[in-house]
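Shown next, in structure tokens, is the structure this report addresses.
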Amino acid sequence: MNSSERINAIASKITCNSYLEVGVQAGITFNAINTISHKVAVDPEFVFDYKNYESENVKFFQVPSDAFFQSNKNKFDIIFFRRFA
């Protein structure tokens with residue numbers, strides 16, 4: 001089971017309305033999350049055209065995670081933090 005399958009399975013079993021992914025890069029996991037209505041992606045440099053995926057319920061922040069968390073006031077039901085070397 002890959003990360004997106006695992007996250008979708010967890011979200012389908014609990015009341016889950018919001019998802020944050022930090023370290024999105026190419027968006028493979030983020031864009032495969034389909035069981036959560038409100039999604040937020042954070043990455044200092046997305047490596048895909050994220051504007052094609054943005055909507056009222058799907059937001060992308062092309063900033064370092066420190067900058068995002070300094071101004072974020074939202075709470076999330078599931079957070080996936082991906083660290084790349």
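Taken together, the values in this text are just the output of simple stated rules run on the coordinates, not laboratory data. These figures come from a predicted structure and were not determined experimentally. Using ideal geometry, Cβ is built from the backbone for each residue, glycine included, and neighbour counts are taken over all protein chains shown.
Among the residues of segment 37-72, just one is in contact (Cβ under 8 Å) with a residue 24 or more places away in the chain and out of contact with any strand residue (DSSP E or B) (no Cβ under 7 Å at 6 or more places or on another chain), namely TYR53. When segment 59-77 is filtered for residues that are closer than 12 Å to ALA41 by Cα and of a type in the set (A, V, I, L, M), only VAL63 remains.
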